Amino acid sequence: MKLCIDHADTQEIRRICASYPIDGVSTNPSILAKSGRPPYEVLKEIREIIGNDGELFVQALSPDAEGVLAEAHRILAETGERTLVKIPSTPEGFRAMKLLKAEGIRFIGTAVYTAMQGFLAAKCGAEYVAPYVNRIDNMGLDGVQVSKDIHDAIVRNGLDSGLLAASFRNTQQVLELIRYGVKAVTVSPDVIDCFARSAEVDSAVMRFTRDFEGLCGVGKTMLDC
């Protein structure tokens with residue numbers, strides 16, 4: 001399973017990448033707008049951080065399929081061939097997906113709220129589909145279950161696609177989909193920070209340190225014994 005960062009603050013991306021095994025970064029127009037910087041300036045810096053092997057997800061905004069295709073060419077020219085173009089899973093978006101598929105351009109079906117949307121995007125050739133887990137919950141539905149339904153539909157129909165599940169509120173939602181074997185998740189830095197942070201962990205580390213210092217002296221490590 002791949003773990004991506006859902007963010008466009010390059011300082012935060014550098015911080016998370018320094019500690020965690022990160023496979024890529026996903027962005028959307030709203031996330032880029034929050035940076036307050038020119039979009040391609042941000043995207044090029046993100047590409048520099050994650051390297052040529054990291055996957056970068058960038059959304060096209062044109063309302064028609066031909067415009068999406070033109071945007072895709074510009075996005076790839078600016079950010080590299082490992083970038084995937086995000087396309088909303090709408091009727092016009094599906095038409096755009098078929099155009100990109102015909103040209104061999106990698107893309108992801110985004111703004112997925114239903115299992116049928118996800119299935120159609122996968123059938124159009126999307127390398128990933130992105131269900132919005134917490135936003136689906138806010139509609140009164142079960143975002144984790146919808147994501148599992150999409151995963152099952154893809155697997156059982158033998159489609160060459162997978163989930164890039166997004167919009168998580170907490171680590172439990174992420175863990176449920178990791179256990180289920182989805183292809184990828186993209187998670188905000190504040191939720192990633194909770195993956196391995198707790199008062200119990202901090203207490204255990206402090207206890208180990210205190211016990212060792214009682215044996216070898218304050219500030220001592222295995223280098224000093």
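Summing charges over all other residues whose Cβ lies under 10 Å from the Cβ of Pro131, with Lys and Arg as +1 and Asp and Glu as -1, gives +1. Rolling a 1.4 Å probe over the protein heavy atoms leaves Leu43 with an accessible area of roughly 0 Å².
The listed residues Arg37, Arg47, once ranked by accessible area (1.4 Å probe) with the largest placed first, stand as Arg37, Arg47.
In the complete set of protein chains, residue-level accessible area for His151 is approximately 30 Å², probe 1.4 angstrom. Relative contact order for the chain: 17 percent, from Cα pairs under 8 Å spaced at least 6 residues apart, divided by residue count. Calculate the tail of P(r) for the chain: the fraction of all Cα-Cα distances greater than 32 Å, expressed in %. That tail contains 25 percent of the Cα-Cα pairs. Around the amide H of Thr83, modelled in the peptide plane, lie the amide H atoms of Leu56, all under 5 Å away and 5 or more residues distant in sequence or on another chain. With only the Cα atoms considered, the stretch 173-225 has a convex hull volume of 141 Å³ per residue. Around the Cα centre of the stretch 80-225, unit charges on the Cβ atoms of Lys, Arg, Asp and Glu (plus for the first two, minus for the last two) sum to a dipole of about 480 debye.
With the convex hull drawn over the C-alpha atoms of the stretch 33-131, the volume per residue is 98 Å³. In the context of the full set of protein chains, the chain has a per residue accessible area of 51 Å² (1.4 Å probe). Pairs of lysines in the chain whose Cα atoms sit within less than 18 Å of one another amount to 14, provided the residues are eight or more positions apart or on different chains.
Once Rg and the Kirkwood radius are both taken over the C-alpha atoms of the stretch 1-72, their ratio Rg/Rh works out to 1.00.
The values are calculated or read from the model by the stated rules, or taken from the named source; none is laboratory data. Computed from a predicted model, the values in this text were never measured in an experiment. Heads up, the Cβs are rebuilt from the backbone with ideal geometry, glycines too, and the neighbour counts pull from every protein chain shown. The area values use the complete protein model at the heavy-atom level, side chains included, leaving out ligands, DNA and RNA. Shrake-Rupley method; radii C 1.70, N 1.55, O 1.52, S 1.80 Å.
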